[in-house]
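Reading through the structure tokens given below for one structure.
The values are calculated or read from the model by the stated rules, or taken from the named source; none is laboratory data. Nothing here was measured: the structure is a model prediction, and the numbers come from that model. Backbone-built Cβ (ideal geometry, glycine too); neighbour counts: all protein chains shown. In case anyone asks, the SASA skips ligands and DNA or RNA and just uses the protein heavy atoms, side chains included. Shrake-Rupley method; radii C 1.70, N 1.55, O 1.52, S 1.80 Å.
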Amino acid sequence: MHPKLDDDFDLRARAELSLAYETGEAPVSLFRHTPWFSRRWVQSCCVLAFVAGALLGGVLAVRPHELVRGAIEHEYYERTLRGSFMDAPTLLAQLGLEKNKPVPGYPQLMRPCDIDGKLAYHLTTFFEKGGIVTVFAFEQPVHLKEDQGWWGNVHWQVVTGRDGRPLILVAEKKKALAVANRVFSLPPA
């Protein structure tokens, strides 16, 4: 034992001090201070906000151009429509192909339509070694860079047509896009 603990003075001083102060709550300054950012619920909210932001950023990063999304939606609603509502030479000219050639593949639908306020020429055709592809050509100049992706359960691709204008290709099978790309796009230089 420590010699000071047995000392009479020490015992008397302790007794007097214990009577001098009221017992009760300790002063607030002695309590541990937890910063607001160290609390568990604040950390959980921060992690959830970060994950939600990353997911939203990921979705927005792969989202296609607004005109492509409009073409995909248009194709969805006209997927089962069949017929020829315009003459083939006019459609071929808009697609950048020669007017006197036949329409590529087995045409299912040929018609002018409106996509996001722009006049578009719509061709849905079947390729023997690919599948059904929908091609959109726009009468007014549009600025789309070559790109491809998957959106709304379909594959899409923007290619430069043989006349230098962008074409939007939409298909359920990626193989169909590859076949259509060879037919409609500008040959590699």
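Got at least one residue in segment 113-129 being touching a Cys at 6+ places or on another chain (Cβ under 6 Å), at pLDDT 95 or above and among the small types (Gly, Ala, Ser)? Yes; the residues of segment 113-129 include at least one that is touching a Cys at 6+ places or on another chain (Cβ under 6 Å), at pLDDT 95 or above and among the small types (Gly, Ala, Ser). Among the residues of segment 29-74, those identified as within 30 Å of Trp151 (Cα to Cα) and not hydrophobic (A, V, I, L, M, F, W, C) are Gly53, Gly57, Gly58, Arg63, Pro64, His65, Glu66, Arg69, Gly70, Glu73, His74.
Are any residues in segment 82-121 within 16 Å of Gln140 (Cβ to Cβ), part of a strand (DSSP E or B) and open to solvent by 30 Å² or more (accessible area, probe 1.4 Å), and if so, which ones? Listed by number, the residues that qualify are Pro112, Asp114, Lys118, Leu119.
Can you find even one residue in segment 26-33 that is over 52 Å from the mean Cα position of the chain (by Cα), more than 30 Å from Val159 (Cβ to Cβ) and open to solvent by less than 70 Å² (accessible area, probe 1.4 Å)? Yes: segment 26-33 contains one or more residues that are over 52 Å from the mean Cα position of the chain (by Cα), more than 30 Å from Val159 (Cβ to Cβ) and open to solvent by less than 70 Å² (accessible area, probe 1.4 Å). The residue list Val51, Val142, Val133, Val59 contains one member that is more than 14 Å from Val170 (Cβ to Cβ), among the aliphatic types (A, V, I, L, M) and touching a strand residue (DSSP E or B) at 6+ places or on another chain (Cβ under 9 Å), which is Val142. Only one entry in Ala71, Ala52 is modelled with pLDDT of 95 or more, open to solvent by 30 Å² or more (accessible area, probe 1.4 Å), more than 13 Å from the chain's Cα centre (by Cα) and on the phi < 0 side of the Ramachandran plot, namely Ala52.
Among the residues of segment 1-16, the ones that are open to solvent by 100 Å² or more (accessible area, probe 1.4 Å) and at pLDDT 75 or above come to 3 in all. Of everything in segment 75-95 that is touching a strand residue (DSSP E or B) at 6+ places or on another chain (Cβ under 6 Å) and touching a residue at least 60 places away in the same chain (Cβ under 8 Å), the residue that is nearest to Gln148 (Cα to Cα) is Glu75. Within segment 74-113, take every residue that is under 20 Å from Gly161 (Cβ atoms) and charged (D, E, K, R) and give me the one that is nearest to the chain's Cα centre (by Cα). Per the criteria, the residue is Glu75. For first residues located in segment 105-131 and within 16 Å of Thr90 (Cα to Cα) and without any contact (Cβ under 8 Å) to a residue 24 or more places away in the chain, partners that are among the acidic types (Asp, Glu) and surrounded by fewer than 20 Cβ atoms within 10 Å (Cβ to Cβ) and lie 6+ apart or on another chain with Cβ distances below 9 Å form the pairs Leu119/Glu139. If you go through segment 113-130 and keep only what is of a type outside the set (A, V, I, L, M, F, W, C) and either in contact with a strand residue (DSSP E or B) (Cβ under 6 Å, 6 or more places away or on another chain) or closer than 17 Å to Glu172 by Cα (or both), you end up with Lys118, Tyr121, His122, Thr124, Thr125, Glu128, Lys129, Gly130.
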